[in-house]
Amino acid sequence: MQVTRGLLSEAADKGLISPQQSDALWQFLRERGEQRPGFRPTHILYYLGGMLAIGAMTLFMTLGWERFGGWGILAISLIYAVAGLWATEVLRARRLHIPAGVTAAFVVVLTPLAVYGLQDALGWWAEGFVYREYHTRINWRWVFMELSTLAVGVILLWRYRAPFLVMPVAVTLWYISMDLTPFLFGTEDSSWVLRRYVSMWFGLVIVLFAFWVDIRNRDQRDYAFWLYVFGVVAFWTGLSMMDSDSELSRLLYLGINLVMIAVGAMLARRVFVVFGALGAAGYLGHLAYDVFEDSMLFPFVLTFLGFGVIYLGILWQRHEDSISRRLRSVLPAEIRLLIERRH
């Protein structure tokens, strides 16, 4: 439940707390909320500005920068990095932790550009490779840039403890999993089937790692968020791109997506619910357009099934406390504490 100023005022009007306590409590909650990411205008501006700057140095990099040459790219990257670190220190000193995390992440995403500039200046890059392809083209030659990015990301994460710094680290881990596939299996154009398996299993490992981070974390800051996001995206993408040659395998796909929805609801992680729902909708679309294409009853059955799920939701709401207590009683203590903390 979200606590609002109006809710506290209503509690004060009913005599549950005094008006002075209501004002003091609201001030406390507002100050704490400023340090937690949310859909507030200031936070949206922080992340929008940060993503524009990060995108300029990554996905939206133009070919025009190749004219600077290797040494020029390296010099510009270092100047930007020094400015980013200075801004991070200033913002951190003023207790503006969210924008400080954004500027620190900007420094991390400059690392592959700086390493590319150095390699280009030393003549390590062959013709036909440009930096902008780092984010669009799978190739084992990017690994040196990725390992350097991981090292810088870990150092800055240790220094600033900003959850947003996990984002470039998670993206880089994803890139490494894709770029190492052709290198490890000895083929430049490794089959898409192999890459699907790599993406799926890598995503699962990242999700489990995020869960471990979630359990170990005793801080109010959410360090596992970006690990969950990219882990789920990698796992679900690899799973959804698998070739399904039987209805049993497709039914198993539906079951996995339903489990994702349940896990997301239990851990209060929306990314599981969103992608699980997309997968379930895809399976229902397969039934409608392939299996029951000419059936008159399928829409009726699906409609009644939908209302049945709504009724289950009503029953859950009526008995939520008792059901939740019974389910949590069988869980290990650490997982139970995690669920209670997340809710």
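Rule-based calculations on the coordinates, nothing more; no lab input. These numbers come from a predicted model, not from an experiment. Cβ coordinates were reconstructed from backbone atoms using ideal geometry, including for glycine residues, and neighbour counts include every protein chain displayed.
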- Note on the structure: Expected sort for ILE256, ILE44 with the fewest Cβ neighbours (10 Å cutoff) up front is ILE44, ILE256
- In nm, spacing of pseudo-spin labels at PHE304 and LEU194 (7 Å Cα→C-beta vector): 5.0 nm
- How many nm separate the modelled label positions at TRP140 and ARG221, each set 7 Å beyond the Cα in the direction of the Cβ? 3.7 nm
- Message: In whole Å, what are the extents of region 232-278 along the principal axes defined by its C-alpha atoms, from largest to smallest?
- Response: 34, 18, 12
- Could you line up MET296, MET57, MET167 from fewest to most neighbouring Cβ atoms inside 10 Å? MET296, MET57, MET167
- Query: At 4 °C and 1.567 mPa s, what whole-number value in µm²/s does Stokes-Einstein give for the translational diffusion of region 54-190, with Rh from the Kirkwood sum over Cα pairs?
  - Reply: 84 µm²/s
- Item | For peptides 312-319, 148-155, sequence by mean Cβ density within 10 Å, most packed first | 148-155, 312-319
- Query: If you take the charge dipole of region 54-190 about its Cα centre, with +1 on Lys and Arg Cβ and -1 on Asp and Glu Cβ, which of LEU91, VAL166, LEU150 is farthest toward its positive end?
  - Reply: LEU91
- Message: Using the Cα centre of region 54-190 as the reference point, and only Cβ charges (+1 on K/R, -1 on D/E), how large is the resulting charge dipole? Debye, rounded to the nearest 20.
- Response: 760 debye
- Can you list the trypsin sites (Lys or Arg not before Pro) in region 50-98 that are in a DSSP coil and have 16 or fewer other beta carbons within 10 angstrom? ARG94, ARG95
- Item | Distance (nanometres) between label positions extended 7 Å along Cα→Cβ at LEU48 and GLU133 | 3.6 nm
- Give me the number: length gained by fully extending THR62 to ALA262, i.e. 0.36 nm times residue separation minus the C-alpha to C-alpha distance, one decimal in nm. 67.7 nm
